[in-house]
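A.B. asks: Got a structure here, written out as structure tokens. Questions coming.
The values are calculated or read from the model by the stated rules, or taken from the named source; none is laboratory data. The structure displayed is predicted, hence computed values, not measured ones. Note: ideal-geometry Cβ built from the backbone for every residue, glycine included; neighbour counts use all protein chains shown.
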Amino acid sequence: MANSLGHLNQPVTAAMHRDFTTLKQDLTVKQAFEAIRRQDFGDRIVYFYVVDREDRLTGVLPARRMLTAQLDQKLSDIMIKRIVTIPQKATVMDACEMFVMHKFLAFPVVDDKHRITGVVDVNLFTDEVFDLAEKEHLEELFETIGFHISQVRGASPVQAFRFRFPWLLASIASGTICALLSSVFEVTIAKSIILAFFLTMMLGLGESVTIQSMTVTIQTLRSVQPTLGWYFRTFRHEVVTALLLGTACGTLVGAIIWLWFGALTAAVTIGLSIVLALFAACFFGLSVPTLLHALRLDPKIAAGPVTLAITDISTLLFYFSLATFFLNR
């Protein structure tokens, strides 16, 4: 295991094997068994991989599900359609993280056209023979993989500084811009000191929702190939989520302000600002990691500080602009 983990920067293609079986999705289970008997599929098969007529991966079929299915069922009806794949351009480190995160026994490696080119399995990390039914042993294996990854990722304080400081500059830049925005709207704040009381809460809500949305997006980008259609479908989902979160939080905070200070204008202003801020948070939490992924940058590293910086600036713009509009009426 340690020998494998010593080469984490190697391409995953160097560690994958081609001992896998593909089956056409329009076959029945009976026809699939007949096809399997004609193939020399070795002794590593845990999953069968289902492909379409162009040999693009469309599903995964665990051996147990195959054995318990009715003989006249189509593979397309019983296969798992949500596939977690590893791209050819990934490294062994990426594969390690996938095993720790998903706890599968194997992952297909695919090319740009989503055609399977190989399989990487837990034999990458251990040569021990263990009983697949002993789940506790599997859990220990995955935990050990994660532990060794964290060890390999260890760096000296100077290296950690050089790696992390540039991204903190995004927070410094956004903080400076937010301070400038506050100074521009100094007259608005003076008209209603309540705005200053809830400023920290506004930024905290926006950042919390951004982190939630960003985390879900980054996890999803590990298992899907993002397309424009996927983005708009996900965006529609995020819009509904943002409206529900914004309405609930905005109504609650607005009610607190109204009951506490008796200031209806401030309550409406801050409530509407929360709705707009959380919508922006969901939007940026989805869009920034997706854009970084499309640009072949690492969304795990860059998305956090960049997305939070943009969210903070947009939150203050909504907050002070609405306050200026309502207070000057």
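A.B. asks: Looking at the stretch 156-174, is at least one residue modelled with pLDDT of 75 or more, loosely packed, with under 14 Cβ neighbours inside 10 Å and hydroxyl-bearing (Ser, Thr, Tyr)?
C.D. replies: No, that holds for no residue.
A.B. asks: Between a first residue in the stretch 252-271 that is at pLDDT below 90 and a second residue that is surrounded by 17 or more Cβ atoms within 10 Å (Cβ to Cβ) and not in a helix (DSSP H, G or I), which pairs have beta carbons less than 7 Å apart while being 6 or more apart in sequence or on different chains?
C.D. replies: Sorted first by the residue in the stretch 252-271, then by its partner, the pairs are ALA266/SER192.
A.B. asks: Would the stretch 77-99 turn up any residue that is among the charged types (D, E, K, R) and at pLDDT 90 or above?
C.D. replies: Kept after step one, since they are among the charged types (D, E, K, R), are these residues of the stretch 77-99: 77, 81-82, 89, 94, 97.
Subsequent filtering for residues that are at pLDDT 90 or above retains 77.
There is at least one residue in the stretch 77-99 that is among the charged types (D, E, K, R) and at pLDDT 90 or above.
A.B. asks: Does THR315 fit the bill of being part of a helix (DSSP H, G or I), over 25 Å from SER182 (Cα atoms), touching a residue at least 12 places away in the same chain (Cβ under 8 Å) and not aliphatic (A, V, I, L, M)? Can you show your working first?
C.D. replies: Working: part of a helix (DSSP H, G or I): yes; over 25 Å from SER182 (Cα atoms): no; touching a residue at least 12 places away in the same chain (Cβ under 8 Å): yes; not aliphatic (A, V, I, L, M): yes.
So THR315 does not fit the description; no.
A.B. asks: Any residue at all in the stretch 190-203 that is over 21 Å from LEU308 (Cβ atoms), assigned to a helix (DSSP H, G or I) and modelled with pLDDT under 80?
C.D. replies: Filtering the stretch 190-203 for residues over 21 Å from LEU308 (Cβ atoms) gives 190-197.
Narrowing further to those that are assigned to a helix (DSSP H, G or I): 190-191, 194-197.
Then keep just the ones that are modelled with pLDDT under 80; that gives 190-191.
Looking through the stretch 190-203, at least one residue is over 21 Å from LEU308 (Cβ atoms), assigned to a helix (DSSP H, G or I) and modelled with pLDDT under 80.
A.B. asks: Follow-up. Looking at the stretch 66-86 only, could you name the residues that are within 13 Å of ALA32 (Cα to Cα) and of a type in the set (Lys, Arg)?
C.D. replies: Result: LYS74, single match.
A.B. asks: Further, regarding this structure: What do you reckon, is VAL239 farther than 16 Å from PRO289 by Cβ and either among the hydroxyl-bearing types (Ser, Thr, Tyr) or modelled with pLDDT of 85 or more (or both)? Give the steps one after another, and end with the answer.
C.D. replies: Values: farther than 16 Å from PRO289 by Cβ: yes; either among the hydroxyl-bearing types (Ser, Thr, Tyr) or modelled with pLDDT of 85 or more (or both): yes.
So VAL239 fits the description; yes.
A.B. asks: Here is a check on your reading of the model: is GLU34 surrounded by fewer than 16 Cβ atoms within 10 Å (Cβ to Cβ), of a type outside the set (A, V, I, L, M, F, W, C), at pLDDT below 90 and more than 18 Å from VAL119 (Cβ to Cβ)?
C.D. replies: Working: surrounded by fewer than 16 Cβ atoms within 10 Å (Cβ to Cβ): yes; of a type outside the set (A, V, I, L, M, F, W, C): yes; at pLDDT below 90: yes; more than 18 Å from VAL119 (Cβ to Cβ): yes.
When the stated conditions are applied, GLU34 passes them.
A.B. asks: In the stretch 244-265, how many are of a type in the set (A, V, I, L, M) and within 28 Å of THR307 (Cα to Cα)? Explain how you work it out, then say what you get.
C.D. replies: Residues of the stretch 244-265 that are of a type in the set (A, V, I, L, M), as a first pass: 244-245, 248, 252-253, 255-257, 259, 263-264.
Then drop every residue that is not within 28 Å of THR307 (Cα to Cα), which leaves 244-245, 248, 252-253.
Qualifying residue count, the stretch 244-265: 5.
A.B. asks: Could you run through the stretch 221-249 and say how many residues are touching a Phe, Trp or Tyr at 6+ places or on another chain (Cβ under 9 Å) and not hydrophobic (A, V, I, L, M, F, W, C)?
C.D. replies: Going through the stretch 221-249 one residue at a time, the tally reaches 2.
A.B. asks: Hey, can you tell me all the residues within the stretch 79-97 that are touching a strand residue (DSSP E or B) at 6+ places or on another chain (Cβ under 8 Å), crowded, with 19+ Cβ neighbours inside 10 Å and in a helix (DSSP H, G or I)?
C.D. replies: VAL92, ALA95
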